[in-house]
Ligand SMILES: [Mn+2]
């Protein structure tokens, strides 16, 4: 990516007066940490800003700075710059209408590591090879020569740790490890991050993990693992991150080419998470066949239907 674009984005930030940071609903570690890192940059530049997110960050991220800036309220008319972090698509910003109908004085900068879905930003940093959105923000800091303080180091490392499941996922590159090491030397607290992001499973989440594991079956013909979670298995307090965590964990099963975790949703749809640890498999091809998309190692889809238990498995109705 062109260094001058990072510089241009920083210039724009410095010139703006009222900035809206946006991250996705039910925010995960990377979504929260990338918003907090950008908040720290704005604070260092004495900018006025709000972090727009429909949901409050879960309590375990309390060690991150600027969480009090998260709000479901904002005055869009006053905003002159919108910075979107980790959203994947315009839809996930929950500001589809506002952003599409924005005035030409309201510019949008996007930082994201999901595959490109749409084209709405004025300046876009969309790097699907980055392990986390905070990894892209690290480049932003470096190119703009912003000194990485303890707050920034904690945010950058939190995004990396949570989005790679402790460096477990294949998205972990040598750059990811190098950045993480540098963040430690800049004061990031690895034990605290681990403690807060990993040892956080509630009893309901643990029981759901148990359901997903006992429902696990292997299709011998395709050497493919499948598990399901019915509507009843998924408690209201379960987060998207809890479920993603299960599919990541189950994909460590030995000798399978991939894994699909299907779960029933309240809206009558079935959501599928696809994972593979096999370097020769591009699981996003299967996701695309089913109308979804994503990364080569982790992707997903949504289809209409519900699950019905039959003799030796389940059927989609
Ligand atoms: Mn992310």
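Every number in this text was worked out from the coordinates using simple rules, so none of it is lab data. The shown structure was predicted, so the numbers you read here are calculated from the model rather than taken from an experiment. Ideal geometry is used to build each Cβ from the backbone, glycine not excepted, and the neighbour counts take in all protein chains shown.
Relative to the first principal axis of the alpha-carbon coordinates of the chain, what is the inclination of helix 150-163, with its axis defined by its Cα atoms, in degrees from 0 to 90 and to the nearest 10?
Roughly 20 degrees between the two axes.
Assign one of three labels to the range 203-316, namely rounded, prolate or oblate, based on the Cα gyration tensor with a ≥ b ≥ c the square roots of its eigenvalues; rounded applies when a/c is under 1.5, prolate when it is not and a/b is larger than b/c, and oblate otherwise.
rounded
To the nearest 10 degrees, how steeply does helix 240-250 sit against the main Cα axis of the chain, on a 0 to 90 scale?
50
Among DSSP bridges having both ends in the chain, what percentage is antiparallel? Round to the nearest 5.
In the chain, DSSP labels about 45 percent of beta bridges as antiparallel.
How far is helix 174-185 tilted, in degrees, relative to the longest principal axis of the Cα atoms in the chain, given as a value from 0 to 90 rounded to the nearest 10?
Helix 174-185 sits roughly 60 degrees off the main axis of the chain.
Taking only DSSP H segments of four or more residues, each worth -39500 (n - 2.57), what value at 222 nm results for the chain once the sum is divided by all its residues, to the nearest 500 deg cm²/dmol?
-10500 deg cm²/dmol
Relative to a virtual label point 7 Å from the Cα of residue 202 in the Cα→beta-carbon direction, which members of the range 10-28 show backbone nitrogen distances below 16 Å?
Of the residues in the range 10-28, 26-28 have backbone N under 16 Å from the label point off residue 202.
Please report the spacing between the Cα centers of the range 3-56 and the range 210-275 in Å, no decimals.
33
If each residue of separation counts as 0.36 nm, what is the full-extension length gain between residue 303 and residue 26 once their alpha-carbon separation is subtracted?
My answer for the length gained is 97.6 nm.
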